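Notes for the one structure printed next.
Since every read-out is calculated from the coordinates, none of them should be taken as a lab result. None of these values were measured; they are calculated from a predicted model.
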Amino acid sequence: MKGMGMMPEQRRKPMSEINVVPYIDVMLVLLIIFMVTAPMMTQGVKVDLPETTSDPIQAEKNVESVIVSVDANGAYYVEVGDEGSDPMSLAQVSERITKILSQRSSSEILVRGDEYVDYGTVVRLMAELQGAGASSIGLITESPREEK
């Protein structure tokens, strides 16, 4: 049929472009999933911190802090980095802190005490931490909320 006046048959070249639209859709879905689930991933003990104005603690960049929490019921928890713990006794806290400080002496010990816990409970904890070898202990507080 080529000779009958029709145009020659055109061959299509294969496309060498990648369609990235489906990849963008998947990426956006994953981004939304991570944004929704990230706040739920935070671990820790629910503690109502006392509100006060204080200067922030200047932490060293390479030193991982050890946080000892006391909840409203007087239960103790030790958190190293992202790793939390089950409720433990004061003797168990002292034993755990001694082990941590023997492995790395530059660890920073911070105490996060519930606003409604007995003052004596926090003082006993701090004395036990000093007995375990903690040279400096910091207290964690929250900034006061401004009332309108």
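For L28 and T98, compute 0.36 nm times the residue count separating them, minus their Cα-Cα distance, and round to one decimal in nm.
20.6 nm
Can you list residues from other chains, or at least 5 along the same chain, whose modelled amide H is less than 5 Å from the amide H of V66?
Correct list: E108, I109, L110.
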